[in-house]
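Asker: There's a structure below that I have some questions on.
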Amino acid sequence: MSMRYVSTRGGVEPVGFSDAVMMGLARDGGLLLPETIPDVAGRLGAWSTLSYQELAVEVMRLFVDIPDEDLEPLVRTSYATFRAPEITPVVGVGDIHILELFHGPTLAFKDVALQFLGNLFEYILEGRDQDLNILAATSGDTGSAAIYGVRGRERIRIFVMHPKGRVSPLQERQMTSVTDANVHNLALEGTFDDCQSIMKNLFGDLNFKDRYALGSVNSINWARVLAQVVYYFYGAFRVMDATGADRVRFAVPTGNFGDIFAGYVAARMGLPIGQLVLATNENNILARCFCEGDYSLGEVHATLSPSMDIQVASNFERYLYYRLGESGPTVRTLMSAFAATGSVRLPVSEGAAVDDLIVAGMGDTEATLATIRDLHEKHGYLLDPHSAVGVSVGRRFLNDDEPMICLATAHPAKFPAAIKQATGEDIARHEVLDALADLPTQSEVLPAESDAVRDFVATRIDNSGE
Ligand SMILES: *Cc1c(COP(=O)(O)O)cnc(C)c1O
């Protein structure tokens, strides 16, 4: 019998994997999680020599309702678009190991999950003879990774809203140079918050949502977490093999808590992780939570690592579910207290750590720039600003017996201004980004109003001639 999925708030009947993927958010407002987390401690030896793709199949087959003979080609196709044969290679740099997650088509780690999710959606839709219309709002990285995940697919259309003139020119070009017929870039005359509130309005319009089969690709989708679990195993095996250590630590630059939650799942499955180091920029609600037990909202600050400029981390509720003894009612009570007051405290016993596994810290702008400069000067290695936040905090938790693996979440060429600020040189380039300069771009400018977006989406779908 294949894995069933339950809601963190305990209010929905368990569903299978494919239903969980199509549902996104659970109907009771919670997030979906597997009913149990399989213990794989006895298989680590056999898994440690597998290729990335073989390992992905072994990990995923424990969680999905897809036969192995279909899962294997899904995984192969998803990672055929990566530019590194190892998919997520590990590089030793001074006293740390860097797990490079940015070799996908848009040069950010979100490709690891979204390349897989695009193929998975198509597979499920084929089986059900259905179509899907994805609506997304982006401030930068997510939009292009989602577009590259679904471009050219028959049963899927994607509408991505970005605030016109308020995403970096490079990020805008990455999105708008994709001119496949199923991709619609909407440049809204407003802010990112406007884009998000329009998205909430349209998803809240249930008639519209059902009639036009609206779906979402945001980071609360369980399939995204699942795809990310794989590289924790892969990275740990490479470093344990190279160093002879039998335990490792991971440092993870964190925004929505999706990436680090995948590491938490890997640890619960039995991967020997001694510590998960949660790293934030100045938007440090999560660092405060894991240091002091205090989960309380602050103002959003704009930093050099914009994909982590987040206060309310959408995946944090999944962690809370385990932290609160897998009790849906307790999660529901805590989340409604948080919604009402913007602040809650985690139950922590006297003198104990907030969590036995997760430690945390903040890497501010100064630390980010100093870390980029230091690795460049001493080792000739360039970090992007998000990865630099992770390395700067990870280095505070070095230990002789447990090597530190720092996740590199974007290629530095995506953030050339920060690299120039840190090193004084304009040296962050990538041929994929250079090549975009000559491509034609396409986007539709719309007022930042729900009605305008609703009309545009409906008209495009109605006129596409089934
Ligand atoms: C999205 C993103 C992050 C944050 O990942 P979460 O899963 O939201 O914690 C970090 N770095 C980069 C480059 C990103 O695009």
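Asker: Using the Karplus curve 6.51 cos²θ - 1.76 cosθ + 1.60 with θ = phi - 60°, work out ³J(HN,Hα) for each residue of segment 94-111 in order, rounded to whole Hz, and write x for Gly and Pro.
Answerer: With coefficients 6.51, -1.76 and 1.60, one gets x, 8, 10, 10, 10, 8, 7, 9, 10, 9, x, x, 9, 6, 9, 5, 4, 4 Hz.
Asker: I'd like the distance separating the alpha-carbon centroids of segment 114-161 and segment 233-255, in whole Å.
Answerer: Spelled out, the Cα-based centre of one part sits 31 Å from the other.
Asker: 222 nm [θ] for the chain, helices only, -39500 (n - 2.57) per DSSP H run of 4+, per residue, to 500?
Answerer: For the chain, the value works out to -13000 deg cm²/dmol.
Asker: Taking a ≥ b ≥ c as the square roots of the Cα gyration tensor eigenvalues, with a/c under 1.5 meaning rounded and otherwise prolate when a/b beats b/c, else oblate, which class fits the chain?
Answerer: rounded
Asker: I'd like to compare 40-48, 164-172, 273-281, 176-184: which one has the highest average count of other Cβ atoms within 10 Å, and what's the full order after that?
Answerer: Final packing ranking: 273-281, 176-184, 164-172, 40-48.
Asker: Out of residues 5 or more away from ALA360 or on other chains, whose amide H comes under 5 Å of its own, with H placed 1.01 Å from N in the peptide plane?
Answerer: Placed amide hydrogens put LEU278 under 5 Å from ALA360.
Asker: Residue by residue through segment 58-63, which ³J(HN,Hα) values in whole Hz follow from phi under the Karplus form 6.51 cos²θ - 1.76 cosθ + 1.60 (θ = phi - 60°), with glycine and proline marked x?
Answerer: The phi angles translate into 4, 5, 5, 4, 6, 10 Hz.
Asker: Also, quick follow-up: Keeping all protein chains in the complex and leaving out DNA, RNA and ligands, what accessible area do you get for TYR148 with a 1.4 Å probe, in Å² to the nearest 10?
Answerer: 50
Asker: Per-residue HN-Hα couplings for segment 328-345, Karplus 6.51 cos²θ - 1.76 cosθ + 1.60 at θ = phi - 60°, whole Hz, x for Gly and Pro?
Answerer: Result, rounded to whole Hz: x, x, 5, 4, 4, 4, 5, 5, 6, 5, 5, 4, 6, 10, x, 7, 9, 10.
Asker: Using a Cα-Cα cut-off of under 15 Å, which aspartates and glutamates could be cross-linked to LYS420, ignoring same-chain neighbours fewer than 8 residues away?
Answerer: Within the straight-line limit of under 15 Å, LYS420 reaches these aspartates and glutamates: GLU366, ASP374, GLU377, ASP384.
Asker: If you take every DSSP beta bridge whose two residues both sit in the chain, what share of them, in percent to the nearest 5, is antiparallel?
Answerer: Expressed as a percentage, antiparallel bridges in the chain total about 25.
Asker: Any chance you could look up the accessible area of THR81 with a 1.4 Å probe, heavy atoms only, rounded to 10 Å²?
Answerer: Rounded to the nearest 10, the figure is 60 Å².
Asker: Rounded if a/c is under 1.5, else prolate if a/b is larger than b/c, else oblate: which is segment 3-101, with a ≥ b ≥ c the root eigenvalues of its Cα gyration tensor?
Answerer: It comes out prolate by the Cα gyration axes.
Asker: Is segment 90-185 rounded, prolate or oblate when judged by the Cα gyration tensor, a ≥ b ≥ c being the square roots of its eigenvalues, rounded requiring a/c under 1.5 and prolate requiring a/b larger than b/c?
Answerer: Oblate, since a/c reaches 1.5 and b/c is not below a/b.
Asker: While we're here: Over what distance in Å are the Cα centres of segment 429-455 and segment 10-83 separated?
Answerer: Centre-to-centre distance over Cα atoms comes out at 32 Å.
Asker: Given the pairs LYS110/LYS378; LYS200/LYS414; LYS110/LYS414, which span a C-alpha to C-alpha distance of over 25 angstrom in this model?
Answerer: Long pairs (Cα-Cα over 25 Å): LYS110/LYS378; LYS200/LYS414.
The values are calculated or read from the model by the stated rules, or taken from the named source; none is laboratory data. None of the values given here were measured: they were computed from a predicted structure. Neighbour counts run over all protein chains shown; Cβ positions are idealised from the backbone, glycine included. Side chains are part of the model used for accessible areas, which takes the heavy atoms of the whole protein and leaves out ligands, DNA and RNA. Shrake-Rupley method; radii C 1.70, N 1.55, O 1.52, S 1.80 Å.
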